[in-house]
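Engineer: Here it is, the structure, as C-alpha coordinates.
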Amino acid sequence: MSQKTLTESGQEGAVEAPADASAKRWWILAVIALAQLMVVLDATIVNIALPSAQADLGFSDGNRQWIVTAYALAFASLLLLGGRIADLFGRKTAFLVGVVGFAAVSALGGAATNFEMLVTARALQGAFGALLAPAALSLLNTTFTDARERARAFSVYGAIAGAGGAVGLLLGGVLTDALDWRWTLYVNVVIAVAAFAGGWLLLHNHRDAANSKLDVPGTLLVAAGLFSLVYGFSNAETHDWGSPETWGFLLVGGLLLTAFAWWQTRAAHPLLPLRILLDRNRAASFLAVLISGGGMFGVFLFLTYYLQLNLGFSPTKTGAAFLPMVAALMVAAQVSTTKLVPRIGPKTVIPVGFAVAAVGMAWLTGIGVGSSYLSAVLPQLIVTGFGLGLVMPPAMQLATGGVAAEDAGVASATVNAMQQVGGSIGTALLNTLAASAATDYLVGKDPTNRLVQTRATIESYTTAFWWSAGLFAVGALIAFALFRRGVPEQDADAAPVVHM
(Lines give C-alpha, C1' and ligand atoms only; values in the text may rest on other atoms or scores of the structure.)
Protein backbone atom coordinates (compact mmCIF):
# COMPACT_ATOMS: atom_id res chain seq x y z
CA MET A 1 0.00 0.00 0.00
CA SER A 2 1.38 3.36 -1.02
CA GLN A 3 2.61 5.72 1.64
CA LYS A 4 1.96 8.73 -0.58
CA THR A 5 -0.95 10.54 -2.11
CA LEU A 6 -1.52 13.41 -4.51
CA THR A 7 -1.94 16.82 -2.96
CA GLU A 8 -4.45 19.29 -4.41
CA SER A 9 -1.70 20.78 -6.55
CA GLY A 10 -1.01 17.36 -8.06
CA GLN A 11 2.32 16.77 -6.30
CA GLU A 12 3.10 13.66 -4.32
CA GLY A 13 3.26 14.22 -0.62
CA ALA A 14 3.02 12.16 2.53
CA VAL A 15 0.25 12.92 4.99
CA GLU A 16 1.64 12.05 8.39
CA ALA A 17 -0.39 10.87 11.32
CA PRO A 18 -0.31 12.97 14.48
CA ALA A 19 2.26 11.43 16.83
CA ASP A 20 -0.17 11.08 19.72
CA ALA A 21 -2.79 9.40 17.49
CA SER A 22 -0.14 6.93 16.32
CA ALA A 23 0.97 6.15 19.88
CA LYS A 24 -2.61 5.58 21.01
CA ARG A 25 -3.77 3.63 17.96
CA TRP A 26 -4.28 0.35 19.84
CA TRP A 27 -6.45 2.12 22.38
CA ILE A 28 -8.37 3.62 19.47
CA LEU A 29 -8.85 0.08 18.11
CA ALA A 30 -10.28 -0.98 21.48
CA VAL A 31 -12.78 1.91 21.43
CA ILE A 32 -13.80 1.21 17.83
CA ALA A 33 -14.13 -2.52 18.53
CA LEU A 34 -16.34 -1.82 21.55
CA ALA A 35 -18.65 0.42 19.54
CA GLN A 36 -18.81 -2.05 16.66
CA LEU A 37 -19.62 -4.87 19.07
CA MET A 38 -22.53 -2.83 20.43
CA VAL A 39 -23.96 -2.31 16.94
CA VAL A 40 -23.48 -5.89 15.73
CA LEU A 41 -24.71 -7.71 18.82
CA ASP A 42 -27.91 -5.63 18.80
CA ALA A 43 -28.92 -7.43 15.62
CA THR A 44 -29.32 -10.64 17.68
CA ILE A 45 -29.27 -9.81 21.41
CA VAL A 46 -33.00 -9.06 21.49
CA ASN A 47 -33.93 -12.29 19.65
CA ILE A 48 -33.55 -14.54 22.69
CA ALA A 49 -35.38 -12.00 24.87
CA LEU A 50 -38.38 -11.73 22.51
CA PRO A 51 -40.58 -14.33 24.24
CA SER A 52 -40.13 -12.54 27.58
CA ALA A 53 -40.73 -9.12 26.03
CA GLN A 54 -43.84 -10.40 24.25
CA ALA A 55 -45.27 -11.83 27.47
CA ASP A 56 -44.52 -8.60 29.34
CA LEU A 57 -45.88 -6.12 26.76
CA GLY A 58 -48.60 -8.35 25.29
CA PHE A 59 -47.98 -7.89 21.56
CA SER A 60 -49.00 -10.46 18.95
CA ASP A 61 -46.92 -13.10 17.16
CA GLY A 62 -47.45 -11.13 13.95
CA ASN A 63 -45.91 -8.01 15.47
CA ARG A 64 -43.02 -9.88 17.06
CA GLN A 65 -40.85 -9.89 13.92
CA TRP A 66 -40.93 -6.09 13.72
CA ILE A 67 -38.84 -5.80 16.88
CA VAL A 68 -36.02 -7.34 14.84
CA THR A 69 -36.95 -5.97 11.41
CA ALA A 70 -37.29 -2.33 12.53
CA TYR A 71 -33.61 -2.29 13.49
CA ALA A 72 -32.51 -3.87 10.20
CA LEU A 73 -34.69 -1.56 8.09
CA ALA A 74 -33.41 1.68 9.60
CA PHE A 75 -29.81 0.46 9.75
CA ALA A 76 -29.64 -0.70 6.13
CA SER A 77 -31.59 2.25 4.71
CA LEU A 78 -29.48 4.99 6.32
CA LEU A 79 -25.96 3.50 6.22
CA LEU A 80 -24.73 5.34 3.12
CA LEU A 81 -26.10 8.61 4.48
CA GLY A 82 -24.36 7.93 7.80
CA GLY A 83 -21.07 7.25 6.02
CA ARG A 84 -21.28 10.47 4.03
CA ILE A 85 -22.12 12.49 7.15
CA ALA A 86 -18.95 11.12 8.75
CA ASP A 87 -16.93 12.29 5.73
CA LEU A 88 -18.59 15.72 5.62
CA PHE A 89 -18.80 16.69 9.28
CA GLY A 90 -16.00 14.65 10.83
CA ARG A 91 -15.61 11.06 11.91
CA LYS A 92 -15.16 11.82 15.59
CA THR A 93 -18.34 13.92 15.64
CA ALA A 94 -20.31 11.22 13.83
CA PHE A 95 -18.90 8.53 16.11
CA LEU A 96 -19.71 10.35 19.36
CA VAL A 97 -23.21 11.43 18.25
CA GLY A 98 -23.86 7.86 17.13
CA VAL A 99 -22.72 6.41 20.48
CA VAL A 100 -24.77 8.86 22.58
CA GLY A 101 -27.86 8.48 20.39
CA PHE A 102 -27.60 4.69 20.40
CA ALA A 103 -27.35 4.63 24.20
CA ALA A 104 -30.28 7.04 24.65
CA VAL A 105 -32.71 5.12 22.43
CA SER A 106 -31.54 1.81 23.95
CA ALA A 107 -32.56 3.17 27.35
CA LEU A 108 -35.88 4.23 25.81
CA GLY A 109 -36.43 0.69 24.51
CA GLY A 110 -35.53 -0.83 27.86
CA ALA A 111 -38.14 1.33 29.53
CA ALA A 112 -40.81 0.53 26.90
CA THR A 113 -44.35 0.19 28.24
CA ASN A 114 -45.93 -1.01 24.97
CA PHE A 115 -45.12 -2.46 21.54
CA GLU A 116 -45.13 0.91 19.77
CA MET A 117 -42.54 2.36 22.14
CA LEU A 118 -40.27 -0.67 21.79
CA VAL A 119 -40.42 -0.86 17.99
CA THR A 120 -39.79 2.91 17.71
CA ALA A 121 -36.72 2.58 19.93
CA ARG A 122 -35.44 -0.30 17.80
CA ALA A 123 -35.83 1.74 14.61
CA LEU A 124 -33.98 4.66 16.20
CA GLN A 125 -31.24 2.25 17.30
CA GLY A 126 -30.83 1.29 13.65
CA ALA A 127 -30.65 4.94 12.61
CA PHE A 128 -27.93 5.83 15.12
CA GLY A 129 -26.14 2.56 14.32
CA ALA A 130 -26.07 3.67 10.67
CA LEU A 131 -24.18 6.77 11.76
CA LEU A 132 -21.88 4.98 14.19
CA ALA A 133 -20.83 1.88 12.21
CA PRO A 134 -19.31 3.56 9.11
CA ALA A 135 -17.62 6.19 11.27
CA ALA A 136 -16.00 3.42 13.33
CA LEU A 137 -14.76 1.48 10.30
CA SER A 138 -13.43 4.57 8.50
CA LEU A 139 -11.61 5.63 11.69
CA LEU A 140 -9.96 2.22 11.75
CA ASN A 141 -9.07 2.54 8.07
CA THR A 142 -7.30 5.87 8.58
CA THR A 143 -5.73 5.22 12.00
CA PHE A 144 -3.64 2.19 10.99
CA THR A 145 -1.21 3.01 8.20
CA ASP A 146 1.43 0.31 8.61
CA ALA A 147 0.39 -2.68 6.46
CA ARG A 148 1.15 -5.29 9.12
CA GLU A 149 -0.54 -3.39 11.95
CA ARG A 150 -3.50 -2.58 9.72
CA ALA A 151 -3.95 -6.27 8.95
CA ARG A 152 -3.89 -7.08 12.66
CA ALA A 153 -6.43 -4.35 13.42
CA PHE A 154 -8.78 -5.59 10.72
CA SER A 155 -8.49 -9.15 11.98
CA VAL A 156 -9.91 -7.91 15.30
CA TYR A 157 -12.60 -5.78 13.66
CA GLY A 158 -13.58 -8.50 11.19
CA ALA A 159 -13.78 -11.11 13.93
CA ILE A 160 -16.14 -8.88 15.91
CA ALA A 161 -18.27 -8.19 12.83
CA GLY A 162 -18.49 -11.92 12.14
CA ALA A 163 -18.88 -13.16 15.70
CA GLY A 164 -20.91 -10.30 17.17
CA GLY A 165 -24.16 -12.08 16.37
CA ALA A 166 -23.12 -15.11 18.40
CA VAL A 167 -21.94 -12.88 21.26
CA GLY A 168 -25.35 -11.18 21.14
CA LEU A 169 -27.08 -14.55 21.53
CA LEU A 170 -24.93 -15.41 24.55
CA LEU A 171 -25.26 -12.02 26.22
CA GLY A 172 -28.99 -11.90 25.49
CA GLY A 173 -29.42 -15.31 27.11
CA VAL A 174 -27.40 -14.45 30.20
CA LEU A 175 -29.15 -11.11 30.75
CA THR A 176 -32.63 -12.55 30.18
CA ASP A 177 -32.01 -15.49 32.52
CA ALA A 178 -30.20 -13.56 35.25
CA LEU A 179 -31.99 -10.20 35.17
CA ASP A 180 -34.75 -9.22 32.77
CA TRP A 181 -35.32 -8.87 29.00
CA ARG A 182 -35.04 -5.08 29.38
CA TRP A 183 -31.32 -5.46 30.18
CA THR A 184 -30.66 -6.65 26.63
CA LEU A 185 -31.23 -2.96 25.79
CA TYR A 186 -29.96 -1.30 28.97
CA VAL A 187 -26.56 -3.00 28.55
CA ASN A 188 -25.86 -0.68 25.60
CA VAL A 189 -25.78 2.28 27.97
CA VAL A 190 -22.93 0.65 29.91
CA ILE A 191 -20.99 -0.14 26.72
CA ALA A 192 -21.65 3.34 25.30
CA VAL A 193 -20.24 5.14 28.35
CA ALA A 194 -16.88 3.41 27.87
CA ALA A 195 -16.93 3.92 24.07
CA PHE A 196 -17.82 7.62 24.40
CA ALA A 197 -15.14 8.32 27.00
CA GLY A 198 -12.49 6.62 24.88
CA GLY A 199 -13.66 8.32 21.69
CA TRP A 200 -13.71 11.77 23.30
CA LEU A 201 -10.16 11.41 24.62
CA LEU A 202 -8.46 9.59 21.75
CA LEU A 203 -10.06 10.44 18.42
CA HIS A 204 -9.25 13.32 16.06
CA ASN A 205 -11.98 14.97 14.02
CA HIS A 206 -10.99 14.77 10.34
CA ARG A 207 -13.31 16.36 7.76
CA ASP A 208 -11.81 15.07 4.54
CA ALA A 209 -14.86 15.87 2.42
CA ALA A 210 -15.62 19.21 4.06
CA ASN A 211 -15.71 21.00 0.69
CA SER A 212 -18.28 18.59 -0.73
CA LYS A 213 -22.06 18.81 -0.36
CA LEU A 214 -24.62 16.21 0.59
CA ASP A 215 -26.20 14.44 -2.38
CA VAL A 216 -29.87 14.84 -1.38
CA PRO A 217 -31.46 13.09 -4.42
CA GLY A 218 -28.95 10.23 -4.10
CA THR A 219 -29.64 9.95 -0.36
CA LEU A 220 -33.41 9.73 -0.91
CA LEU A 221 -33.08 7.20 -3.74
CA VAL A 222 -30.70 4.83 -1.94
CA ALA A 223 -32.50 5.07 1.43
CA ALA A 224 -35.88 4.36 -0.17
CA GLY A 225 -34.37 1.63 -2.37
CA LEU A 226 -32.65 -0.21 0.47
CA PHE A 227 -35.74 0.17 2.67
CA SER A 228 -37.97 -1.32 -0.03
CA LEU A 229 -35.55 -4.18 -0.67
CA VAL A 230 -35.17 -5.16 3.01
CA TYR A 231 -38.90 -4.63 3.66
CA GLY A 232 -39.83 -6.81 0.69
CA PHE A 233 -37.61 -9.66 1.84
CA SER A 234 -38.88 -9.25 5.41
CA ASN A 235 -42.46 -9.60 4.14
CA ALA A 236 -41.50 -12.87 2.47
CA GLU A 237 -41.35 -14.36 5.98
CA THR A 238 -44.98 -13.51 6.75
CA HIS A 239 -46.52 -13.26 3.25
CA ASP A 240 -46.38 -15.46 0.20
CA TRP A 241 -43.74 -14.68 -2.44
CA GLY A 242 -46.67 -13.98 -4.79
CA SER A 243 -47.98 -11.24 -2.47
CA PRO A 244 -47.73 -7.65 -3.78
CA GLU A 245 -46.31 -6.73 -0.38
CA THR A 246 -43.34 -8.95 -1.19
CA TRP A 247 -42.63 -8.74 -4.92
CA GLY A 248 -44.01 -5.20 -5.17
CA PHE A 249 -41.50 -3.80 -2.68
CA LEU A 250 -38.69 -5.87 -4.20
CA LEU A 251 -39.50 -4.46 -7.65
CA VAL A 252 -39.69 -0.89 -6.35
CA GLY A 253 -36.42 -1.38 -4.44
CA GLY A 254 -34.66 -2.64 -7.56
CA LEU A 255 -35.93 0.29 -9.65
CA LEU A 256 -34.93 2.87 -7.02
CA LEU A 257 -31.42 1.41 -6.67
CA THR A 258 -31.06 1.39 -10.47
CA ALA A 259 -32.10 5.04 -10.51
CA PHE A 260 -29.58 5.72 -7.73
CA ALA A 261 -26.77 4.12 -9.75
CA TRP A 262 -27.74 6.25 -12.77
CA TRP A 263 -27.84 9.43 -10.68
CA GLN A 264 -24.39 8.76 -9.21
CA THR A 265 -22.87 9.09 -12.72
CA ARG A 266 -24.35 12.60 -13.02
CA ALA A 267 -24.30 14.10 -9.51
CA ALA A 268 -21.72 16.81 -8.82
CA HIS A 269 -21.11 15.43 -5.31
CA PRO A 270 -22.22 11.77 -5.50
CA LEU A 271 -23.16 9.96 -2.32
CA LEU A 272 -21.39 6.79 -3.54
CA PRO A 273 -18.65 7.78 -6.02
CA LEU A 274 -18.48 5.03 -8.64
CA ARG A 275 -14.67 5.02 -8.39
CA ILE A 276 -15.18 3.15 -5.12
CA LEU A 277 -16.91 0.29 -6.95
CA LEU A 278 -14.66 0.16 -10.02
CA ASP A 279 -11.69 -1.48 -8.26
CA ARG A 280 -12.00 -5.22 -8.95
CA ASN A 281 -10.83 -6.46 -5.55
CA ARG A 282 -13.08 -3.99 -3.76
CA ALA A 283 -16.16 -4.99 -5.76
CA ALA A 284 -15.38 -8.68 -5.12
CA SER A 285 -15.01 -7.92 -1.41
CA PHE A 286 -18.41 -6.21 -1.25
CA LEU A 287 -19.99 -9.33 -2.77
CA ALA A 288 -18.08 -11.59 -0.36
CA VAL A 289 -19.44 -9.63 2.63
CA LEU A 290 -22.98 -9.76 1.16
CA ILE A 291 -22.88 -13.54 0.63
CA SER A 292 -21.24 -14.35 3.99
CA GLY A 293 -23.83 -12.18 5.77
CA GLY A 294 -26.65 -14.03 4.04
CA GLY A 295 -25.35 -17.55 4.68
CA MET A 296 -24.32 -16.89 8.28
CA PHE A 297 -27.93 -16.57 9.38
CA GLY A 298 -28.38 -20.24 8.53
CA VAL A 299 -26.06 -20.91 11.46
CA PHE A 300 -27.39 -18.45 14.02
CA LEU A 301 -31.12 -18.51 13.40
CA PHE A 302 -31.95 -22.17 12.86
CA LEU A 303 -29.30 -23.62 15.12
CA THR A 304 -30.64 -21.43 17.93
CA TYR A 305 -34.07 -23.01 17.41
CA TYR A 306 -32.60 -26.51 17.28
CA LEU A 307 -30.54 -26.12 20.45
CA GLN A 308 -33.41 -24.65 22.47
CA LEU A 309 -36.43 -26.52 21.13
CA ASN A 310 -34.91 -29.90 20.28
CA LEU A 311 -31.94 -30.29 22.63
CA GLY A 312 -33.56 -28.36 25.49
CA PHE A 313 -30.76 -25.80 25.96
CA SER A 314 -31.48 -22.71 28.05
CA PRO A 315 -30.94 -19.25 26.45
CA THR A 316 -27.58 -18.92 28.25
CA LYS A 317 -26.43 -22.41 27.29
CA THR A 318 -27.50 -21.75 23.69
CA GLY A 319 -25.35 -18.64 23.52
CA ALA A 320 -22.41 -20.48 25.09
CA ALA A 321 -22.77 -23.24 22.49
CA PHE A 322 -21.73 -20.76 19.81
CA LEU A 323 -18.49 -19.72 21.57
CA PRO A 324 -16.30 -22.40 19.89
CA MET A 325 -17.41 -20.99 16.54
CA VAL A 326 -16.45 -17.50 17.70
CA ALA A 327 -13.02 -18.75 18.81
CA ALA A 328 -12.41 -20.49 15.47
CA LEU A 329 -13.50 -17.37 13.59
CA MET A 330 -11.11 -15.15 15.58
CA VAL A 331 -8.16 -17.50 15.04
CA ALA A 332 -8.85 -17.66 11.30
CA ALA A 333 -9.28 -13.87 11.19
CA GLN A 334 -5.81 -13.34 12.62
CA VAL A 335 -4.22 -15.92 10.31
CA SER A 336 -5.97 -14.74 7.16
CA THR A 337 -5.35 -11.00 7.49
CA THR A 338 -1.79 -11.04 8.89
CA LYS A 339 -0.29 -14.16 7.27
CA LEU A 340 -2.19 -15.57 4.32
CA VAL A 341 -3.56 -12.64 2.29
CA PRO A 342 -0.30 -10.61 2.49
CA ARG A 343 1.62 -13.66 1.16
CA ILE A 344 -0.66 -15.43 -1.33
CA GLY A 345 -3.46 -12.93 -1.95
CA PRO A 346 -7.27 -13.04 -1.64
CA LYS A 347 -7.91 -15.07 -4.81
CA THR A 348 -6.90 -18.22 -2.92
CA VAL A 349 -7.72 -17.37 0.70
CA ILE A 350 -11.32 -16.10 0.38
CA PRO A 351 -12.59 -18.85 -1.97
CA VAL A 352 -11.01 -21.48 0.32
CA GLY A 353 -12.73 -19.84 3.28
CA PHE A 354 -16.10 -20.01 1.54
CA ALA A 355 -15.46 -23.66 0.61
CA VAL A 356 -14.57 -24.57 4.22
CA ALA A 357 -17.72 -22.80 5.49
CA ALA A 358 -19.79 -24.69 2.89
CA VAL A 359 -18.35 -28.00 4.13
CA GLY A 360 -19.20 -27.07 7.71
CA MET A 361 -22.80 -26.21 6.82
CA ALA A 362 -23.25 -29.37 4.73
CA TRP A 363 -21.87 -31.41 7.63
CA LEU A 364 -24.36 -29.74 9.97
CA THR A 365 -27.27 -31.23 7.99
CA GLY A 366 -26.56 -34.52 9.81
CA ILE A 367 -28.48 -33.39 12.93
CA GLY A 368 -31.38 -35.57 14.00
CA VAL A 369 -33.95 -36.07 16.75
CA GLY A 370 -31.50 -37.76 19.13
CA SER A 371 -28.28 -36.01 18.10
CA SER A 372 -25.63 -34.89 20.55
CA TYR A 373 -24.19 -31.37 20.60
CA LEU A 374 -20.65 -32.69 21.00
CA SER A 375 -20.75 -34.89 17.88
CA ALA A 376 -23.42 -33.39 15.60
CA VAL A 377 -22.99 -29.64 16.23
CA LEU A 378 -19.67 -28.68 17.84
CA PRO A 379 -17.17 -29.86 15.16
CA GLN A 380 -19.38 -28.45 12.41
CA LEU A 381 -19.58 -25.05 14.13
CA ILE A 382 -15.79 -24.90 14.47
CA VAL A 383 -15.29 -25.70 10.76
CA THR A 384 -17.89 -23.13 9.68
CA GLY A 385 -16.44 -20.46 11.98
CA PHE A 386 -12.92 -21.05 10.69
CA GLY A 387 -14.13 -20.76 7.10
CA LEU A 388 -15.96 -17.48 7.77
CA GLY A 389 -12.84 -16.15 9.51
CA LEU A 390 -10.95 -16.63 6.23
CA VAL A 391 -13.63 -14.63 4.39
CA MET A 392 -15.03 -11.72 6.36
CA PRO A 393 -12.00 -9.92 7.89
CA PRO A 394 -9.90 -9.95 4.67
CA ALA A 395 -12.93 -8.91 2.60
CA MET A 396 -13.66 -5.99 4.94
CA GLN A 397 -10.02 -4.91 4.84
CA LEU A 398 -9.85 -5.05 1.04
CA ALA A 399 -13.22 -3.33 0.65
CA THR A 400 -12.09 -0.25 2.57
CA GLY A 401 -8.41 -0.14 1.58
CA GLY A 402 -7.13 2.16 -1.13
CA VAL A 403 -9.91 4.75 -1.02
CA ALA A 404 -9.32 8.48 -0.76
CA ALA A 405 -9.72 9.90 2.73
CA GLU A 406 -12.84 11.82 1.69
CA ASP A 407 -14.46 8.52 0.64
CA ALA A 408 -13.47 6.45 3.67
CA GLY A 409 -16.81 6.87 5.43
CA VAL A 410 -18.98 5.96 2.47
CA ALA A 411 -16.78 2.97 1.55
CA SER A 412 -17.11 1.74 5.14
CA ALA A 413 -20.86 2.31 5.01
CA THR A 414 -21.10 0.21 1.85
CA VAL A 415 -19.41 -2.72 3.64
CA ASN A 416 -21.87 -2.48 6.52
CA ALA A 417 -24.81 -2.14 4.11
CA MET A 418 -23.72 -5.28 2.25
CA GLN A 419 -23.56 -7.28 5.50
CA GLN A 420 -26.94 -5.97 6.69
CA VAL A 421 -28.75 -6.43 3.39
CA GLY A 422 -27.17 -9.88 2.99
CA GLY A 423 -28.39 -10.84 6.45
CA SER A 424 -31.92 -9.58 5.75
CA ILE A 425 -32.13 -11.37 2.42
CA GLY A 426 -30.63 -14.54 3.90
CA THR A 427 -33.09 -14.56 6.82
CA ALA A 428 -36.12 -14.16 4.54
CA LEU A 429 -35.00 -16.71 1.96
CA LEU A 430 -33.93 -19.35 4.48
CA ASN A 431 -37.07 -18.87 6.59
CA THR A 432 -39.29 -19.32 3.54
CA LEU A 433 -37.39 -22.38 2.28
CA ALA A 434 -37.38 -23.94 5.76
CA ALA A 435 -41.13 -23.42 6.20
CA SER A 436 -41.82 -24.97 2.77
CA ALA A 437 -39.63 -27.98 3.62
CA ALA A 438 -41.54 -28.59 6.87
CA THR A 439 -44.89 -28.33 5.06
CA ASP A 440 -43.76 -30.74 2.32
CA TYR A 441 -42.52 -33.24 4.91
CA LEU A 442 -45.93 -33.35 6.62
CA VAL A 443 -47.78 -34.26 3.40
CA GLY A 444 -49.36 -37.71 3.86
CA LYS A 445 -48.29 -37.90 7.53
CA ASP A 446 -50.15 -37.38 10.80
CA PRO A 447 -49.41 -33.74 11.80
CA THR A 448 -50.64 -34.36 15.36
CA ASN A 449 -47.97 -36.98 16.02
CA ARG A 450 -45.27 -35.40 18.19
CA LEU A 451 -42.40 -37.34 16.58
CA VAL A 452 -43.61 -36.42 13.08
CA GLN A 453 -43.76 -32.76 14.11
CA THR A 454 -40.22 -32.94 15.48
CA ARG A 455 -38.90 -34.56 12.32
CA ALA A 456 -40.65 -31.94 10.18
CA THR A 457 -38.96 -29.21 12.21
CA ILE A 458 -35.53 -30.81 11.80
CA GLU A 459 -36.22 -31.18 8.07
CA SER A 460 -36.76 -27.41 7.94
CA TYR A 461 -33.45 -26.77 9.75
CA THR A 462 -31.42 -29.10 7.54
CA THR A 463 -32.97 -27.58 4.41
CA ALA A 464 -31.80 -24.15 5.58
CA PHE A 465 -28.31 -25.53 6.26
CA TRP A 466 -28.12 -27.07 2.76
CA TRP A 467 -29.09 -23.75 1.18
CA SER A 468 -26.52 -21.92 3.32
CA ALA A 469 -23.90 -24.41 2.16
CA GLY A 470 -24.94 -23.78 -1.44
CA LEU A 471 -24.73 -20.02 -0.93
CA PHE A 472 -21.18 -20.34 0.45
CA ALA A 473 -20.24 -22.60 -2.50
CA VAL A 474 -21.48 -19.94 -4.93
CA GLY A 475 -19.48 -17.39 -2.93
CA ALA A 476 -16.34 -19.48 -3.45
CA LEU A 477 -16.88 -19.49 -7.23
CA ILE A 478 -17.63 -15.77 -7.42
CA ALA A 479 -14.62 -14.87 -5.25
CA PHE A 480 -12.30 -17.05 -7.32
CA ALA A 481 -13.58 -15.49 -10.55
CA LEU A 482 -13.45 -11.85 -9.43
CA PHE A 483 -10.43 -11.39 -7.15
CA ARG A 484 -7.18 -10.51 -8.89
CA ARG A 485 -4.23 -12.87 -8.66
CA GLY A 486 -1.32 -12.07 -6.39
CA VAL A 487 -0.84 -9.96 -3.31
CA PRO A 488 -3.13 -6.88 -3.19
CA GLU A 489 -1.55 -3.69 -4.48
CA GLN A 490 -2.87 -0.21 -4.91
CA ASP A 491 -4.60 -0.14 -8.30
CA ALA A 492 -3.50 2.78 -10.44
CA ASP A 493 -7.14 3.50 -11.38
CA ALA A 494 -8.44 3.34 -7.82
CA ALA A 495 -8.84 6.28 -5.50
CA PRO A 496 -5.51 7.27 -3.88
CA VAL A 497 -4.64 6.03 -0.41
CA VAL A 498 -4.34 8.76 2.17
CA HIS A 499 -2.67 7.88 5.47
CA MET A 500 -3.96 9.95 8.33
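The values are calculated or read from the model by the stated rules, or taken from the named source; none is laboratory data. Being a predicted model, the structure only gives us computed values, none of them experimental. All Cβ positions, even for glycine, are placed from backbone atoms using ideal geometry, and neighbour counts span all protein chains on display. We work out accessible area using only protein heavy atoms, side chains counted, and drop any ligands, DNA or RNA first. Shrake-Rupley method; radii C 1.70, N 1.55, O 1.52, S 1.80 Å.
Engineer: Scanning the chain for GluC sites (Glu not before Pro) in DSSP loops with at most 13 other Cβ atoms within 10 Å, what's the longest stretch left with none?
Structural biologist: Counting only loop sites that pass the neighbour cut-off, the longest clear stretch is 17-488.
Engineer: Something else: Helix-derived [θ] at 222 nm for the chain: sum -39500 (n - 2.57) over DSSP H runs of at least 4, divide by residue count, nearest 500?
Structural biologist: After summing the helix terms and dividing by the residues of the chain, the value is -25000 deg cm²/dmol.
Engineer: Along the three principal axes, how long is region 205-352 when you take its alpha carbons, biggest first, rounded to the nearest angstrom?
Structural biologist: 56, 49, 33
Engineer: Using a basic spin-label model with each label point 7 Å from the Cα along Cα→Cβ, how many nm lie between residue 274 and residue 178?
Structural biologist: If labels sit at residue 274 and residue 178, their model points lie 5.3 nm apart.
Engineer: Can you give me the Rg/Rh ratio for region 282-401, using Cα atoms for both radii and the Kirkwood formula for Rh?
Structural biologist: On the way: Rg = 15.0 Å, Rh = 14.7 Å.
Value, to two decimals: 1.02.
Engineer: I'd like the projected area of region 66-203, averaged over all directions, using the convex hull of its alpha carbons. Report it in nm² with one decimal.
Structural biologist: So the Cα hull casts an average projection of 8.6 nm².
Engineer: Going by alpha carbons, how many degrees (0 to 90, nearest 10) lie between the helix axis of 61-89 and the longest principal axis of the chain?
Structural biologist: Tilt of helix 61-89: around 10 degrees.
Engineer: Using the Cα centre of the chain as the reference point, and only Cβ charges (+1 on K/R, -1 on D/E), how large is the resulting charge dipole? Debye, rounded to the nearest 20. List each step's numbers first, then the result.
Structural biologist: Details: 27 positive and 27 negative charges, 163 e Å.
I would put it at about 780 debye.
Engineer: Which of rounded, prolate, oblate describes region 311-359, given a ≥ b ≥ c as roots of the alpha-carbon gyration tensor eigenvalues and a/c under 1.5 marking rounded, otherwise prolate only if a/b is larger than b/c?
Structural biologist: oblate
Engineer: Let me ask something additional. So what is log10(I(q)/I(0)) for region 350-455 at q = 0.14, 0.15, 0.16 1/Å, when the Debye sum runs over its Cα atoms only?
Structural biologist: With one equal scatterer per Cα and no solvent, log10 I(q)/I(0) is -0.79, -0.86, -0.92.
Engineer: For region 38-153, with only Lys/Arg (+1) and Asp/Glu (-1) charged at the beta-carbon, what is the dipole magnitude about the Cα centre, in debye rounded to 20?
Structural biologist: The dipole magnitude comes to about 400 debye.
Engineer: Go through region 223-294 and name the trypsin sites (Lys or Arg not before Pro) that are in a DSSP coil and have 12 or fewer other Cβ atoms within 10 Å of their Cβ. Spell out each step's value before the answer.
Structural biologist: Details: sites: 266, 275, 280, 282; in loops: 266.
Taking region 223-294 and a limit of 12 other Cβ atoms within 10 Å, the loop trypsin sites (Lys or Arg not before Pro) found are 266.
Engineer: So what J values fall out for region 316-329 if you push phi through Karplus, 6.51 cos²θ - 1.76 cosθ + 1.60 with θ = phi - 60°, rounded to Hz, Gly and Pro as x?
Structural biologist: Values, residue by residue: 5, 5, 4, x, 5, 5, 8, 4, x, 5, 4, 4, 5, 5 Hz.
Engineer: If contacts are Cα pairs under 8 angstrom and at least 6 residues apart, what is the relative contact order of the chain in percent? Can you show the working numbers first?
Structural biologist: On the way: 975 pairs, mean separation 120.7, N = 500.
Over the chain, the number comes to 24 percent.
Engineer: In degrees from 0 to 90, rounded to the nearest 10, what is the angle of the helix 408-442 Cα long axis to the longest principal axis of the chain?
Structural biologist: 10
Engineer: Another question about this same structure. Explain nothing, just compute: Karplus ³J(HN,Hα) = 6.51 cos²θ - 1.76 cosθ + 1.60, θ = phi - 60°, for every residue of region 28-37 in order, whole Hz, x for Gly and Pro.
Structural biologist: 4, 4, 4, 5, 5, 4, 5, 5, 5, 4
Engineer: Let me ask something else. If all Cα-Cα distances of the chain are sorted into 10 Å bins from 0 onward, what percent lands in each bin, rounded to whole numbers?
Structural biologist: For the chain, the pair-distance distribution reads 4, 20, 32, 28, 12, 3, 1, 0.
Engineer: Looking at region 416-482, which trypsin sites (Lys or Arg not before Pro) are in a loop (DSSP not H, G, I, E or B) and have at most 15 other Cβ atoms within 10 Å?
Structural biologist: 445
Engineer: Can I ask one more? Send over a whole-number figure in Å² for the accessible area per residue of the chain, probe 1.4 Å.
Structural biologist: Numbers: 19420 Å² over 500 residues.
Heavy-atom accessible area per residue stands at 39 Å².
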